[in-house]
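No lab work stands behind these numbers, since they all come straight from the coordinates. Keep in mind the model is a prediction, meaning the values are calculated, not measured.
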Amino acid sequence: MTDPTPARRAPTGVDTSVPHSARIWNFWQGGDHFYEADRIAGEAFAAEVPEIRELALSSRQFLRRTVRWAVAGAGLRQVLDLGAGLPSPPDVHEVARAVDPLCRVVYVDNDPMVTAHRTSGPDSAPDDTTAYVHADVRDTGHVLAEAARVLDLGRPTALVLSDMLGHISDLDEAYGVVERLVGAVAPGSLLVLSHSAPSSLLPRLAAANDAYTGNGTPYVLRTPEQIAGFFEGLELVPPGLVPMPRWRPDGSTLRNTADVGWGAVARIG
């Protein structure tokens, strides 16, 4: 059950009286970066689409399992989390450092509200091996230059794009972003990518979004075939591109989640 207690204090510039889709998503995932307005909107949305909590948790669980595998299974010690969103503990750097405390992590997002949380108070980078970059992932040159302040991109790096490419509405542009990122990292790197797909829940999701969270950034759903295009030319790690709960489930994985997105991990070079 999600903790109904909202975040204790707001970073400077954050309006807690207006619900925000990223904070509502954080509420559904069991995080603590939400406020009363977000809780009310999130509970109202969930009353219309009860499955939404499992969908949100399934996405976060996939992210944690794949990052853990990238560090423990593939031996990578650097993670570039693109479109990171709000922290939801354990966050990516915490997952990675539970395996190896020396892992380096850079978070990237262009949402001013996310930036406010990630750069002030307890959400700011805990040390010089963790950083946050306020940038649009489409500006790959700037993103990579800023990430290189903490990461050595001449060494294998996990590129993480967790459910964020749907915010790039043009498919060719989204493909281009991934292609540029993949081309900029060292051989032996990994692409960790998930994406929401068309769902039988779509009519209810659309209606609830309009009613309760209409201030969020539009998100384009893509078919599994379109999602597979992001991995063109790369070597998929078994079990390949699958619904997220089917990617190497562990004891905490939600196994019966309906209509989830798809995800995969692929080797680069």
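Most simply put, the chain has about 35% antiparallel DSSP beta bridges, counting only bridges with both residues inside it. The amide H of residue 133, built 1.01 Å from its N in the peptide plane, has 107, 108, 109 as neighbours under 5 Å, considering only residues 5 or more places off or on other chains.
A full extension of the chain between residue 15 and residue 128 corresponds to an added length of 37.7 nm, given 0.36 nm per residue minus the alpha carbon distance. Working note: Karplus 6.51/-1.76/1.60 with θ = phi - 60° gives segment 175-182 the couplings 4, x, 4, 5, 4, 5, 5, 4 Hz, where Gly and Pro are set to x.
Rounded to the nearest 500, the helix-only mean residue ellipticity at 222 nm of the chain stands at -10500 deg cm²/dmol, with each DSSP H run of n ≥ 4 adding -39,500 (n - 2.57).
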